[in-house]
Amino acid sequence: MTGIANIRELLTRNMRQSGIYIAFVLIVGLFAILTDGLSLSPNNISNLVLQYSYILILAIGMVIVIIAGHIDLSVGSIVAFTGAISATLVIKGGLPWWMGVLVALVVGFLAGAWQGFWVAYVGIPAFIVTLAGMLLFRGGTYLVLGNISLSPFGAPYSDIAAGFQNGLLGGPGYDVFTLLIFALAVVGFAVSQWRSRSARVAYQQAVEALPLFALKIVAVAAVVMWFAWQLANSRGLPNVLIILAFLIMAYSLITSRTVFGRHVYAIGGNLSAAQLSGVKVRRVNFWVMTNMGILAGVAGVVFSSRSNGAQPSAGNMFELDAIAACFIGGASTTGGVGKVTGAMVGGLIMAVMSNGMQILGLDQSIQQVVKGLVLLLAVAFDIYNKRRAVTAG
Amino acid sequence: MSNNILEMRSITKTFPGVKALQDVTLEVARGEIHAICGENGAGKSTLMKVLSGVYPHGTYEGDIVYEGKHAQFGSINDSEHVGVVIIHQELALVPYLSVAENIFLGNEQRGRGGLIDWNATNAEAAKLLARVGLNENPTTPVGTLGVGKQQLIEIAKALSKQVKLLILDEPTAALNDSDSEHLLDLLRHLKGQGITSIMISHKLNEIAEIADRTTIIRDGRTIETIDMSLPTSTQDRIIKGMVGRDLEHRYPERTPQVGTEVLRVEDWTVHHPTQMDRTVVDRASFNVRRGEVVGIAGLMGAGRTELAMSLFGHSYGRNITGRVFKDGKEIKTRTVSEAIAHGLAYATEDRKKYGLNLIEDIRRNISAANLDALSSRGWVNQNEELKVAEEYRASLNIKAPTVMALTGKLSGGNQQKVVLAKWIYTDADVLILDEPTRGIDVGAKYEIYTIINRLVAAGKAVVVISSELPELLGICDRIYTLAFGRITGEVPVAQASQERLMELMTQEKEQVQ
């Protein structure tokens, strides 16, 4: 089966995914026009990354939960809970910043494992378990904080989410270090793409034509380097972006390339068939929920760092933003379908819209209405696509 | 007015890229039982969907003349309104509602003020149940009844709609022999009351038994309509029309080369998962040798699937006792992965529900049970995976454009081949195939039998569970019979006949010792 895929094939092969990318570009373009380019300014882009990083971190875990056919409503409360414990230890207890981070992650792990136990081994639907968790960990947050806010963390804890890598190599008005890191990332991307293309050729599979392949790499490089240029002209490379990039890469690989990832898709696609194929369903479900807890702990650290303290109401409604990001990003409501990158783009669509509407000075109420409609339309589009696929087949 | 209740003239139905029906003509005489035969994907179901208004008027070309008038059905409601009722293969009953509620669902018996008149509903339902010969209380929840009875309720529901033309899509596919027999009797009975039936079926013996005429469809075209009263209208005659070639033998030839024993099960006992005192499999013992095809025959409810699934990683039942020996050594099969590791494989009877991930492609379904072979330290080699899938697509003749095609879009026969590929790829020594040819057409069945032969020729052992006795007689070396959870007989195929097997399969509990 050798052959050369053309552009149309590339686009139509996965309408569900490519549709999202096209929508993203259109939305970015729309707000760039509406805000006179303000939404693409260096400072705004830098802000955007900081402001929505924790939603994206949650969406990474959430999309895996959704692929496995579950849902997690507790993540907002776990963000608050882990942040509260960390703040109590660091601000009140005077422990070093890294102890706060470590304990927050461990607490996230334990919270996830707690829910994973009920979901996987007792067999209670995740909706119920995490609804209980939502109340449980919110209540826990109030208890830990005694109903009052704690601040400030101070550096270096607050630098985790609010800090930048800047001026490490100096620079004439823009940060050379940031550009260098991004350039390395682009080279790494190109090399890995080339290697995977070569491997596919070696296995006699269809690959895109060389010019098209080159065009794709150049296009990605151009977008990424433009993004780097904007950051370099602002405050440099945000620390949280490093964390986020690492998590996205790691989890993209885990979901697409590991046996564990494959088992998650199998469980979401057909639970009985997965069971009868030897998938250890309970174990997988347990780790899916536990992993969500850990990532909620990461988001808890990032959020508390960014707000430089802990509030009893922190993380309110985060779960809904994370879930919306997954569904806008093409995850199926019935499980078995979804991608980390899709959820990221879904999250970014929400982020760009919120941010753009804020710049435009639209009222919070209008923003909510628009976000709600976008979520609805995204899922409607998904269902329409599915139905079309069925009748055509 | 002509004697035909229905004439479908030159029906052509196109889907994007596919011509599903081309110039199909069907004439059904008043009061007859008319069978429609054809391989899977020949267009039988599409034709019935055109007839019943699932594909509304205007989405196809050609004319439907019903009761002497041109019919233009815009929906199922339109066709039901004039007495055309279709009963689908997958029954559409709500398990938690009562028999009466199901019968009148969407057609409720209203009393004063628009409220449902329950007395009228239940009384009417009781009358309808009597007509279909079902002795059940109308208030019984449908979910507690067996498939055979549910099928009768569907017919009662059709009767409640004043049906004149009853369409049944594979009505006996999920029924055991006695339930099937009852259903066929009922169709004859309804015929006596002037109800015309169209029956789609793969079971040629049933067609031969009951149909007045048979229309054969192949590749979206009408091939011919046969008068079944003629002595030349044999099953082989129908098969020839369906596949367009003579199937000399319905079962491929094989010279048995039976080797050493590979699997032995002793005193296997399984209890019902919820009713703990009920024994579903009772002290069953059997063995399989390399290069051998062993059949397990039994009526529905005899415990065939339960026996297989409990062996395969205790996937069914509780309080499982007994011993399993593989190559003479005792093994444990407490989890599915343990069973797979010991070289067992089990292909389920319900491939859509338990066998395949229908929203995933062929490639990933094939690798699903043996990802370990494709991975190192938890990382899957996707290129190797694709290569493996391509190999199986070629060797098992899975008809799909690429291995990236979703399994949900394949025909039953090709889905079954994907399931087989998945298990063959685990390199199992013993493959237990539960109803491997259910609901698939004659041509694909032959291919499945060929695959089974290739497996045993390679020294594997195959256990086939089947409701179709001719199939077991055609492909097995040895057949065990199962009745009420007990092994009631072991017959070498040379000494077996349908009558002998049926006798063993229906042995009463008291006689079994």
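Any residue in the range A:84-94 that is exposed (fewer than 15 other Cβ atoms within 10 Å of the Cβ), at pLDDT below 95 and out of contact with any strand residue (DSSP E or B) (no Cβ under 9 Å at 6 or more places or on another chain)? Outline the logic, then answer.
Narrowing the range A:84-94 to residues exposed (fewer than 15 other Cβ atoms within 10 Å of the Cβ): A:92-94.
Narrowing the set further to residues that are at pLDDT below 95 leaves A:92-94.
Within this subset, residues satisfying the condition of being out of contact with any strand residue (DSSP E or B) (no Cβ under 9 Å at 6 or more places or on another chain) are A:93-94.
The answer is yes, given that some residue of the range A:84-94 is exposed (fewer than 15 other Cβ atoms within 10 Å of the Cβ), at pLDDT below 95 and out of contact with any strand residue (DSSP E or B) (no Cβ under 9 Å at 6 or more places or on another chain).
Quick one: in the range B:32-48, which of the residues that are of a type outside the set (A, V, I, L, M, F, W, C) and at pLDDT 90 or above is surrounded by the most Cβ atoms within 10 Å (Cβ to Cβ)? Write out each step before concluding.
Start the filter on the range B:32-48 by keeping residues that are of a type outside the set (A, V, I, L, M, F, W, C), which leaves B:32, B:34, B:38-41, B:43-46.
Applying the additional criterion that residues be at pLDDT 90 or above yields B:32, B:34.
Values: B:GLU32: 18, B:HIS34: 23.
So the residue we want is B:HIS34.
If a residue has to be among the polar types (S, T, N, Q) and either more than 19 Å from B:VAL430 (Cα to Cα) or assigned to a strand (DSSP E or B) (or both) to count, how many in the range B:318-342 make the cut? Can you show your working first?
Kept after step one, since they are among the polar types (S, T, N, Q), are these residues of the range B:318-342: B:319, B:321, B:333, B:335, B:337.
When the remaining residues are screened for being either more than 19 Å from B:VAL430 (Cα to Cα) or assigned to a strand (DSSP E or B) (or both), the result is B:319, B:321.
Total satisfying the criteria: 2.
Taking the residues in the range B:386-425 that are among the hydroxyl-bearing types (Ser, Thr, Tyr) and surrounded by 21 or more Cβ atoms within 10 Å (Cβ to Cβ) as candidates, determine which candidate is nearest to B:ASN357 (Cα to Cα).
The first filter runs over the range B:386-425 and keeps only residues among the hydroxyl-bearing types (Ser, Thr, Tyr), leaving B:392, B:395, B:402, B:407, B:411, B:425.
Narrowing the set further to residues that are surrounded by 21 or more Cβ atoms within 10 Å (Cβ to Cβ) leaves B:392, B:407.
Numbers: B:TYR392: 17, B:THR407: 7 Å.
Within the range B:386-425, the match that is nearest to B:ASN357 (Cα to Cα) is B:THR407.
The conditions are (1) within 20 Å of A:VAL301 (Cα to Cα); (2) modelled with pLDDT of 95 or more; (3) crowded, with 17+ Cβ neighbours inside 10 Å, and A:LEU150 fails exactly one of them. Which is it?
(2)
Among (1) more than 10 Å from chain A (Cβ to nearest Cβ); (2) part of a loop (DSSP other than H, G, I, E, B); (3) without any contact (Cβ under 8 Å) to a residue 40 or more places away in the chain; (4) not β-branched (Val, Ile, Thr), there is one condition B:SER315 misses while meeting the rest; what is its number?
(1)
Can you find a residue in the range A:236-257 that is of a type in the set (Lys, Arg) and buried (at least 17 other Cβ atoms within 10 Å of the Cβ)?
At the first step, the residues of the range A:236-257 found to be of a type in the set (Lys, Arg) are A:257.
Add one more test, that the residue is buried (at least 17 other Cβ atoms within 10 Å of the Cβ), and what stays is none.
No - not one qualifying residue is present in the range A:236-257.
Among B:THR121, B:THR139, B:THR59, which is the only one that is crowded, with 18+ Cβ neighbours inside 10 Å, among the hydroxyl-bearing types (Ser, Thr, Tyr) and either in the same structural domain as B:ALA173 (by TED's automatic domain parsing) or not in a strand (DSSP E or B) (or both)?
Just a single option satisfies the conditions, and that option is B:THR121.
When only residues in the range B:386-409 that are more than 20 Å from B:ILE448 (Cβ to Cβ) and not in a helix (DSSP H, G or I) count, which is farthest from the other protein chains (Cβ to nearest Cβ)?
Taking the candidates together, the pick is B:PRO401.
Report, by residue number, each residue of the range B:122-135 that is touching a Pro at 6+ places or on another chain (Cβ under 8 Å) and not aliphatic (A, V, I, L, M).
Residue satisfying the conditions is B:ASN122 alone.
Report the residue count in the range A:295-317 for those that are buried (at least 23 other Cβ atoms within 10 Å of the Cβ) and in a helix (DSSP H, G or I). Full working, then the answer.
First, pick out the residues of the range A:295-317 that are buried (at least 23 other Cβ atoms within 10 Å of the Cβ): A:295-305, A:310, A:314-315.
From what is left, the residues that are in a helix (DSSP H, G or I) are A:295-305.
Selection size over the range A:295-317: 11.
Being β-branched (Val, Ile, Thr) and under 29 Å from the mean Cα position of the chain (by Cα) is the filter; apply it to the range B:35-75 and report the residue that is farthest from B:LYS203 (Cα to Cα).
At the first step, the residues of the range B:35-75 found to be β-branched (Val, Ile, Thr) are B:36, B:46, B:50, B:54, B:59, B:64-65.
Among the residues that remain, those that are also under 29 Å from the mean Cα position of the chain (by Cα) are: B:36, B:46, B:50, B:54.
Working: B:ILE36: 11, B:THR46: 19, B:VAL50: 23, B:VAL54: 25 Å.
Among residues in the range B:35-75 that are β-branched (Val, Ile, Thr) and under 29 Å from the mean Cα position of the chain (by Cα), the one farthest from B:LYS203 (Cα to Cα) is B:VAL54.
Take B:LEU105 and tell me if it is surrounded by fewer than 17 Cβ atoms within 10 Å (Cβ to Cβ), outside any helix (DSSP H, G or I), in contact (Cβ under 8 Å) with a residue 12 or more places away in the chain and in contact with a Leu (Cβ under 8 Å, 6 or more places away or on another chain). Give the steps one after another, and end with the answer.
On the way: surrounded by fewer than 17 Cβ atoms within 10 Å (Cβ to Cβ): yes; outside any helix (DSSP H, G or I): yes; in contact (Cβ under 8 Å) with a residue 12 or more places away in the chain: yes; in contact with a Leu (Cβ under 8 Å, 6 or more places away or on another chain): yes.
Against the criterion (surrounded by fewer than 17 Cβ atoms within 10 Å (Cβ to Cβ), outside any helix (DSSP H, G or I), in contact (Cβ under 8 Å) with a residue 12 or more places away in the chain and in contact with a Leu (Cβ under 8 Å, 6 or more places away or on another chain)), B:LEU105 qualifies.
Within the range B:376-385, restricting attention to residues that are surrounded by fewer than 18 Cβ atoms within 10 Å (Cβ to Cβ) and in a helix (DSSP H, G or I), which residue is farthest from the other protein chains (Cβ to nearest Cβ)?
B:GLU384
Sort through A:PHE227, A:PHE246 and tell me the only one that's among the aromatic types (Phe, Trp, Tyr), closer than 25 Å to A:TRP287 by Cα and either away from every other protein chain (no Cβ under 11 Å) or assigned to a helix (DSSP H, G or I) (or both).
On the way: A:PHE227 fails: closer than 25 Å to A:TRP287 by Cα.
Every option except A:PHE246 fails the conditions.
Return the residues of the range A:95-128 that are without any contact (Cβ under 8 Å) to a residue 24 or more places away in the chain and under 30 Å from A:ASP159 (Cα atoms); say none if nothing qualifies.
Passing the criteria: A:LEU95, A:PRO96, A:TRP98, A:MET99, A:LEU102, A:VAL103.
Would you point out which residue out of B:SER337, B:SER376, B:SER315 is hydroxyl-bearing (Ser, Thr, Tyr) and not assigned by TED's automatic domain parsing to the domain that holds B:GLU468?
Working: B:SER337 fails: not assigned by TED's automatic domain parsing to the domain that holds B:GLU468; B:SER315 fails: not assigned by TED's automatic domain parsing to the domain that holds B:GLU468.
The unique qualifying residue is B:SER376.
Would you please name the residue that is nearest to the other protein chains (Cβ to nearest Cβ), looking only at residues in the range B:343-375 that are more than 22 Å from B:PRO436 (Cα to Cα) and outside any strand (DSSP E or B)? It would help to see each step written out before you state the result.
Applying the first criterion (more than 22 Å from B:PRO436 (Cα to Cα)) to the range B:343-375 yields B:371-375.
Narrowing further to those that are outside any strand (DSSP E or B): B:371-374.
On the way: B:LEU371: 5, B:ASP372: 7, B:ALA373: 11, B:LEU374: 8 Å.
Only one residue fits best here, namely B:LEU371.
The values are calculated or read from the model by the stated rules, or taken from the named source; none is laboratory data. These figures come from a predicted structure and were not determined experimentally. Cβ atoms come from the backbone with ideal geometry, glycine included; neighbour counts cover every protein chain shown.
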